[in-house]
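The values are calculated or read from the model by the stated rules, or taken from the named source; none is laboratory data. For clarity, every value in this text was computed on a predicted model and none was experimentally measured. Note that we place each Cβ from the backbone using ideal geometry, even for glycine, and neighbour counts take in every protein chain shown.
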Amino acid sequence: MKNLITLLLLLLVNTSFAQSLFETTDLVDEFGDKIGEVQRNISIGKFSNSATNDSPLRVNSILELMPDYTLEEYKEHLTKTYEEKGYSEKEINRLLKYSKKALKSVKNFNGTIRFDIYEYEDNKASMIGVKNGAISIKTSDGKKVRASLGEYSFSNGSITITGYKEVTTGSMGVKNQIKYGYYDWTQTKIYNEIVNASKPIQVVIAFGGSSYRFTLE
C-alpha cells in the first residue's frame, strides 16, 4: 500500500484546467526555456514556532489533476516516467505488468494540492523526522474543516493533500488507507473546497511545534 500511494503521487500530471484560486504559470529550465505549465497560487502569510512568532512566510500551492487515462495511455505515461527516472527496460517491463491493477486506483484519484512552504519567504521548511500534523481551512462563508496529515504528506519542505472520488474497498482501497492511518478522508473534503472555491480560503498547517497561516486568494 505504501508503494502504491507513493506511485500515485509520483504520476500526477498537470493539466490546462485552471481553477479560480490557481493561475497557469510557465515552468522554465535553467536556460529560461519553457518546459511545461503548472497551476499555482502564491500566498504570503506568517509562521510561528518555539524560536519565532509571526515571521514572514511564502507558500507556493500547486494543483495537480489526474487525467482520465485509458490503459494504453497509462502504460505509455508510466513508461515515460520510469525512463526519466533511469529505470532499466527490464525493470520497466516488470512494473508494467501491474498497470491494469494500478489504473483502477488511479481512476479513483482526483489529484493533489502541494503546499511548498518557505519560512522567511526563502528558506524551505525543515520536515526532518516529522510523522504527523494537521491542516485546517476556513472558507469565506465561515465553514471550517480540519484533516490529519500522515508522514506520507511530508516531503522536502512540502505538504501534499490528496483528493479521491470515493472510499473504495480492497487491499489497496481508500478504506484500508484510512484504517491503517495512511489517509484522512477529510483531506478530500479540503481538496474539494479549495479546488472549487471562487473566494479566499484561510489555511493553517501545523506540525512539529510550528504553525503556518496563509490565505489562498
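Here are the numbers for this structure:
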quantity	calculated
Options SER20, SER105, SER48: the member that is within 30 Å of ALA197 (Cβ to Cβ), in a strand (DSSP E or B) and touching a residue at least 12 places away in the same chain (Cβ under 8 Å)	SER48
Test: residue in the range 97-112 that is at pLDDT 95 or above and on the phi > 0 side of the Ramachandran plot	no
Filter result (among the charged types (D, E, K, R) and either touching a residue at least 12 places away in the same chain (Cβ under 8 Å) or outside any strand (DSSP E or B) (or both)) within the range 31-45	ASP33, GLU37, ARG40
For ALA134: the one exception among (1) touching a residue at least 12 places away in the same chain (Cβ under 8 Å); (2) over 15 Å from the mean Cα position of the chain (by Cα); (3) closer than 20 Å to SER210 by Cα	(2)
Lone unmet requirement of (1) under 23 Å from ILE161 (Cα atoms); (2) of a type in the set (Ser, Thr, Tyr); (3) touching a Phe, Trp or Tyr at 6+ places or on another chain (Cβ under 6 Å) for SER55	(1)
Filter pass, VAL145 being surrounded by 12 or more Cβ atoms within 10 Å (Cβ to Cβ), within 20 Å of the chain's Cα centre (by Cα), hydrophobic (A, V, I, L, M, F, W, C) and part of a loop (DSSP other than H, G, I, E, B)	no
From the options TYR120, TYR180, residue that is modelled with pLDDT under 95 and surrounded by fewer than 20 Cβ atoms within 10 Å (Cβ to Cβ)	TYR180
Selected residue [part of a helix (DSSP H, G or I) and among the aromatic types (Phe, Trp, Tyr)] from TYR69, TYR87, TYR74	TYR74
Candidates VAL59, VAL130, filtered to the one that is part of a loop (DSSP other than H, G, I, E, B), surrounded by 14 or more Cβ atoms within 10 Å (Cβ to Cβ) and β-branched (Val, Ile, Thr)	VAL130
Residue in the range 142-152 that is at pLDDT below 95 and not acidic (Asp, Glu) present	yes
Filter pass, VAL195 being of a type in the set (A, V, I, L, M), touching a Phe, Trp or Tyr at 6+ places or on another chain (Cβ under 7 Å) and surrounded by 14 or more Cβ atoms within 10 Å (Cβ to Cβ)	no
